[in-house]
Amino acid sequence: MLSTSIAMARKAQVLAEALPYIRSFHGKTFVIKFDGNAITSAALRSGFGRDITLLQLVGMRPIVVQGGEFEIADLLNRIGVKGEGRRRSSITDGKTMNLVTMAFAELNKEVVGLINQHGGKAVGLSGQDSRFIRAKKSLLPSAVDEKGAVDIGLTGDVERIDPEVLDLLRSNDFIPVVSPIGVGAKGDLYNINADIVAGNLAQTLKAEKLIIMTNTPGILDTQGRLITGLTVSEMEPLIAGGAIHGGTTPTLSAALEAVKNGVKAAHIIDGRVRNALLLEVLTGEGVGTAIRSNAGPHFLADTQRYFSEAV
């Protein structure tokens, strides 16, 4: 009986501690990158859908950008297509782009279903819909032994994002789930890195947070220890000097550029942790690395002050 009372008291305490976060983030936009390579189990995926729904129901405005590298590789393997690469970058030809589109559509449908099962109102779309993600061809800079930039096919970068269709969905309380496909000037479809799409989308929508869910604990130092918080001025020299690990170059670049361009904070978190999203958003501890601008205010300090005043 005593243990039950203690457990109930702890649950009540956790709910009470979430109040300042809910109050501060009410009505704020969060762009959340879902990584199928990290959130692999059925339980974690269902939990992700529930957590997204909960954030919306307490007044936050989540937008999901789905990754798909794991699903694309799995589909290519299942049908016996061997992907080509150049200097650790995938080459996307016409046939591969068709398969990429199929893999994204399958995952998009799954993520939408997971959110809707828990009472959310999710709608799936890609950058092709209303051409809201405008893309340009991505070229690899020439190496020493190459004559010019390397063409890697239908792999693209974000040129600009038109938020009109997203604003329309959000004004009607829908949760957009976005596949990272962009459209070029001539109508060609481009496969774009999901971290880069999420970062650009967060900037366009002036989001409160960019949250990138990965299969790493966050940003690690050279000793393998988690770095829980960094400012832009602290992060830039660490990247340049190769002193941090965890997350790919696009992940780090997306997080850094988002914060430098108006997003309040970027979080690189471990999607393999149960309820990672809620722990990062609604608690002071978090489960990853938060990157913030050099200027304040910083919400952790504000929250600590709130609790000290409440005592």
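The values are calculated or read from the model by the stated rules, or taken from the named source; none is laboratory data. Here the structure is a predicted model, which is why all the values come from computation and not from measurement. Backbone-built Cβ (ideal geometry, glycine too); neighbour counts: all protein chains shown.
Inside segment 11-45, residues that are within 21 Å of Asn215 (Cα to Cα) and either surrounded by fewer than 15 Cβ atoms within 10 Å (Cβ to Cβ) or hydrophobic (A, V, I, L, M, F, W, C) (or both) make up a count of 11. Residues that are assigned to a helix (DSSP H, G or I) and crowded, with 24+ Cβ neighbours inside 10 Å within segment 52-69 comprise just one, Ile52. For segment 210-225, filtering for residues that are in a strand (DSSP E or B) and in contact with a Ser or Thr (Cβ under 9 Å, 6 or more places away or on another chain) leaves 3. In segment 224-245, the residues that are over 14 Å from Ile269 (Cα atoms) form Cβ pairs under 8 Å with partners that are of a type in the set (Asp, Glu), at six or more places apart or across chains, as follows: Ala243/Asp221; Ile244/Asp221. Of the residues screened, Ala185 is not one that is modelled with pLDDT of 90 or more and touching a helix residue (DSSP H, G or I) at 6+ places or on another chain (Cβ under 8 Å). In segment 210-232, the count of residues that are in contact with a Pro (Cβ under 9 Å, 6 or more places away or on another chain) and among the hydroxyl-bearing types (Ser, Thr, Tyr) is zero.
With respect to Ser5, is the statement that it is hydroxyl-bearing (Ser, Thr, Tyr) and either modelled with pLDDT of 80 or more or in contact with a Cys (Cβ under 9 Å, 6 or more places away or on another chain) (or both) true? Spelling it out, it is not the case that Ser5 is hydroxyl-bearing (Ser, Thr, Tyr) and either modelled with pLDDT of 80 or more or in contact with a Cys (Cβ under 9 Å, 6 or more places away or on another chain) (or both). Among the residues of segment 78-114, the ones that are of a type in the set (Val, Ile, Thr) and either modelled with pLDDT under 85 or assigned to a loop (DSSP other than H, G, I, E, B) (or both) come to 5 in all.
When Ala255, Ala243, Ala266 are screened for being among the hydrophobic types (A, V, I, L, M, F, W, C), modelled with pLDDT of 90 or more and not in a helix (DSSP H, G or I), only Ala266 passes.
Candidates Ala207, Ala198: the one that is surrounded by 20 or more Cβ atoms within 10 Å (Cβ to Cβ) and part of a helix (DSSP H, G or I) is Ala198.
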